[in-house]
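Participant: The structure under discussion is supplied below as C-alpha cells; questions concerning it will follow.
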Amino acid sequence: MTESANPTPQRHPGPVFRRLLLLLRPHWPGIGIGLILLLMSAPCELFAPLVWQWVTDVVVLSHRATNQTWLGKLFSFDGWITDRFHLLISATTWMFVVYLVGEALGTIESNLLNRIAQKFILKLRNRVYHKLQTQSLGYLQRQRTGDLMSRAMGDVDELQLFIVGGIDQIISEGLIWVITVVIVMMIDWRVASASLAPLILVYFLLRFFNKHIRPIYTATRNRLGDISTRLQENLSGILVIKIFGREQAEARRFHDSTQAYYDQQIKAINARSIFFPFSRVVGFFSNVFMIGVGGYYMLKDYSFTAGNLVAFRGYWWRLFGPIQTLARVNDMVQRALAAATRIFEVLDAPDELPDASDAVDLPAVRGELSLRDVSFQYPIEASANSAPQVLHRITLNIQPGQTVALCGPSGSGKSTILSLLPRFYDPTEGAITLDQHDLRQVRRESLRKHFALVQQETFLFNDSILDNIRYGHPQATMEQVVLAAQAANAHGFINSLPNGYHTKVGERGIRLSGGQKQRISIARAFLANPTILLLDEPTSSVEPDSEAAIIAALDRLMVGRTTVLTSHRPSLIQQADQVYVIENGRIVESGPPGDLARNGGWLARFLRSADEISSDIAAK
C-alpha cells in the first residue's frame with residue numbers, strides 16, 4: 001500500500017471525549033445503575049475512619065459510656081449498650097458489616113461497568129472493521145495496510161484499556177474524593193482547607209502535563225502504525241527480500257521505525273517521570289499541613305481532638321490517593337484520546353462510492369454492459385497536484401452472453417476497465433451501464449452479486465479448500481462444491497490431498513501451486529454462478545502443465561455468461577466474440593479477432609510475434 005502523505009491532524013481533546021460519551025449513549029441506563037451502586041458503596045468505604053474517630057474520642061479517651069451522636073446511638077443501639085468494651089465490639093462489628101456491604105456493592109458495580117465497557121469495545125471494533133470493509137478501493141489503496149491494522153487493533157486496544165480500567169476509576173475515585181472532602185470539612189473546616197490547599201497546584205500541574213504529553217502520545221501512536229506497516233510489508237514481501245539478500249537492509253529500516261517509536265516512548269517516560277514525582281511531593285504537603293495545623297489547634301485549645309486527627313489520617317489517603325490514581329488515569333486518558341483520534345479518522349473518512357439515495361436493486365440481469373465516453377483517473381491525495389488520466393473517452397458495448405477481450409500493452413488501462421465494471425471506482429467522466437441502468441444508480445451489493453472475478457494473482461483465505469470454493473455461495477451443498485471443482489478441473493488434485501476438500505491451504509494459498517490455486521478460484525466462480533464473468537490475466541501466473549486444464553475450465557465457465565477478459569494468451573483472445581485493443585487509455589482497434597488479425601494492427605503484430613516465439617520454442 002502507498003503511504004499516506006497526510007500526518008495525523010491534532011484535534012482538541014474535548015470533542016473527541018464528547019464523541020466517546022455519545023458513543024456510550026446506548027449503555028447509559030446500565031452506566032446509570034452502576035453509578036447508583038457506586039453512590040451506595042462509596043459511603044461504605046469511608047465509614048471506617050469515622051469509627052476510628054468515635055472509638056478514640058468516646059470509647060478510649062472519654063469516661064462517658066456513650067455519646068449522643070448518630071454513631072453513638074448506632075453503636076449503643078440507642079443507649080442499650082453502655083459498657084465501653086461492648087461498645088468497642090459493637091463499633092468494630094458495624095465497621096466490618098458496612099465494609100462487607102460496600103465490597104459487595106462495589107463488586108457488582110465494577111462487574112457491570114466492565115461488561116458495558118467490553119460491549120462498547122466489541123461494537124467499536126466491529127464498526128471500524130465494517131467501515132474499512134465498505135470503503136472504496138481508492139481509499140484503501142491510498143492508506144498503509146499496516147497502519148489501518150494498527151488503528152483497528154492497537155488503537156482500539158489502547159482505548160479499551162481506558163474504557164475498561166479508566167472510566168470506573170475516574171468515577172469511583174472522583175466521587176469518593178468529593179464525599180471525603182465533605183466529611184473532613186464537617187469534621188474541621190480549618191484543617192481540611194489547609195490539607196486541600198496544595199491540591200490547587202496539582203491541578204495546574206496536571207493541565208501543564210496534558211498540554212505537553214498529548215502530542216507525544218499522538219506521535220507515539222503514529223510511530224506504532226509505522227512499525228505495523230513495515231512488519232506487514234516485510235512479511236508480505238519476504239520472498240523478494242530473501243532473493244535479493246535484503247534482510248540486513250530491511251532489518252535496518254525496521255530498526256529505524258522501532259527506534260522512532262522508542263524515542264517517542266522515552267519522551268513520554270521523561271514527561272511522566274517529572275510530573276508524577278512532583279505531583280506526589282506537592283500532594284504530600286497536604287499531609288504536612290494536616291499534621292501541622294491539626295497539631296496547632298490541639299495544643300492551642302484542643303478544638304481539634306485526637307479522634308479528629310485519627311479520622312484525618314484515615315481520610316488523608318482518600319484525599320491524596322485519588323489524586324495519584326487520577327494522575328495515572330489521566331495519563332491513560334491522554335493515550336486513549338490519541339488512539340481515539342486515529343480511530344475517528346477512519347470512521348469519519350467519507351465513503352467515496354456511496355449508494356445513491358434512490359439506488360435500486362437488480363435482482364436479475366441479462367448482462368448487457370456499456371461504457372459511454374468513459375474517462376478515468378485514479379483518486380489521489382489532497383496534497384498531490386494531479387493524477388494522470390488512465391482512460392480517455394472509452395466507448396464500448398457488450399451484449400448479453402458475449403465474450404469480449406481487452407488487449408493492448410501493459411499499463412494501457414485494461415485492468416482499470418475491469419475495475420470499473422463492478423464499480424470498484426466511478427468514472428471521472430461518462431457513464432457505465434448494466435442493462436441500461438447507470439451503475440451509480442444501483443446498490444453496490446445488488447450489483448456485485450452478478451459478477452465473479454478470476455484474477456491474475458489468486459487470493460485464497462487461510463482456510464480449507466471447501467470453504468474457499470464455497471466463499472461466494474456459503475449455502476452450497478457438498479455435491480454442488482464437487483460439481484464446481486470438477487468443472488474447474490480441480491477435483492482430481494483435491495482428492496489426492498491427504499485431507500481432500502478439508503485441506504488447509506495456508507495463508508494466501510501458499511501450500512498450493514499457482515495452477516492449483518487458479519483452479520480453486522475458477523471453481524469458486526463456477527459455484528457463485530454469476531451472470532457476468534471478469535477474467536484478469538487468468539493464466540499468466542500458472543505453470544505450463546496446468547494451463548491447458550485451466551483454459552478448458554475457463555471455456556466451460558464462460559458458456560452462457562457475459563465475459564470480459566484481459567489476457568496475453570492468443571488462445572484466449574481468439575475465443576472472444578469481440579476484441580478491443582487499448583493503447584494509452586484509448587481504443588485504437590475493435591472487431592472480431594479474425595478481422596483484427598488480418599488488418600496489420602497491434603493485435604496482428606501481437607499474434608504474429610506469439611506465433612514466432614512458439615515456432616522458435618518448437619524448433620529448439
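Participant: For the range 265-294, enumerate the residues that are open to solvent by less than 50 Å² (accessible area, probe 1.4 Å) and farther than 18 Å from Phe209 by Cβ.
Facilitator: Answer for the range 265-294, where residues must be open to solvent by less than 50 Å² (accessible area, probe 1.4 Å) and farther than 18 Å from Phe209 by Cβ: Ser286, Asn287, Met290, Gly292, Val293, Gly294.
Participant: Applying the selection to the range 459-496, what residues are closer than 17 Å to Ser513 by Cβ, more than 37 Å from the chain's Cα centre (by Cα) and of a type outside the set (Gly, Ala, Ser)?
Facilitator: Asn489, His491, Phe493, Asn495
Participant: Enumerate the pairs (first residue in the range 43-63 and open to solvent by 60 Å² or more (accessible area, probe 1.4 Å); second residue anywhere and among the aliphatic types (A, V, I, L, M) and assigned to a helix (DSSP H, G or I)) with beta-carbon separation below 8 Å, excluding pairs fewer than 6 apart on the same chain, so at least 6 apart or on different chains.
Facilitator: Pro43/Ile179; Glu45/Ile176; Trp52/Val310; Trp52/Ala311; Leu61/Ala306
Participant: If Asp536 satisfies every condition in (1) surrounded by fewer than 19 Cβ atoms within 10 Å (Cβ to Cβ); (2) in contact with a strand residue (DSSP E or B) (Cβ under 6 Å, 6 or more places away or on another chain); (3) modelled with pLDDT of 85 or more but one, which is the exception?
Facilitator: All conditions pass for Asp536, except number (1).
Participant: Kindly indicate which of Gln259, Gln264, Gln232 is closer than 22 Å to Gly146 by Cβ, at pLDDT below 80, assigned to a helix (DSSP H, G or I) and not β-branched (Val, Ile, Thr).
Facilitator: Gln232
Participant: Taking Lys517 as meeting all but one of (1) among the basic types (Lys, Arg); (2) touching a residue at least 60 places away in the same chain (Cβ under 8 Å); (3) more than 30 Å from Gln399 (Cβ to Cβ), write down the number of the exception.
Facilitator: The failed condition is (2).
Participant: Those residues that are of a type in the set (A, V, I, L, M), in a helix (DSSP H, G or I) and either in contact (Cβ under 8 Å) with a residue 60 or more places away in the chain or touching a helix residue (DSSP H, G or I) at 6+ places or on another chain (Cβ under 7 Å) (or both), I need them from the range 19-39; list them, please.
Facilitator: Leu20, Leu23, Ile31, Ile33, Leu35, Leu37, Leu38, Leu39
Participant: Among the residues that make up the range 520-528, is at least one of them open to solvent by 20 Å² or more (accessible area, probe 1.4 Å), on the phi > 0 side of the Ramachandran plot, among the basic types (Lys, Arg) and assigned to a helix (DSSP H, G or I)?
Facilitator: Among the residues of the range 520-528, not one is open to solvent by 20 Å² or more (accessible area, probe 1.4 Å), on the phi > 0 side of the Ramachandran plot, among the basic types (Lys, Arg) and assigned to a helix (DSSP H, G or I), which makes the answer no.
Participant: Quick one: what pairs do we get from the range 161-175, first residue under 11 Å from Ala42 (Cα atoms), second among the β-branched types (Val, Ile, Thr) and surrounded by 17 or more Cβ atoms within 10 Å (Cβ to Cβ), C-beta under 6 Å, 6+ apart or different chains?
Facilitator: From residues that are under 11 Å from Ala42 (Cα atoms), the pairs are Glu173/Thr325.
Participant: Which one is least open to solvent (accessible area, probe 1.4 Å), of the residues in the range 295-306 that are assigned to a helix (DSSP H, G or I) and free of Cβ contacts under 8 Å to residues at least 60 places away in the same chain?
Facilitator: Gly295
Participant: Let me ask something else. Are any of the residues in the range 246-256 of a type in the set (Phe, Trp, Tyr), modelled with pLDDT of 80 or more and in a helix (DSSP H, G or I)?
Facilitator: Yes, the range 246-256 contains at least one residue that is of a type in the set (Phe, Trp, Tyr), modelled with pLDDT of 80 or more and in a helix (DSSP H, G or I).
Participant: Can Val182 be described as under 30 Å from Leu46 (Cβ atoms), open to solvent by less than 70 Å² (accessible area, probe 1.4 Å) and β-branched (Val, Ile, Thr)?
Facilitator: no
The values are calculated or read from the model by the stated rules, or taken from the named source; none is laboratory data. This structure is a prediction, so every number in the text was calculated from the model and none was measured. Virtual Cβ from ideal backbone geometry, glycine too; neighbours counted across all protein chains shown. Side chains are part of the model used for accessible areas, which takes the heavy atoms of the whole protein and leaves out ligands, DNA and RNA. Shrake-Rupley method; radii C 1.70, N 1.55, O 1.52, S 1.80 Å.
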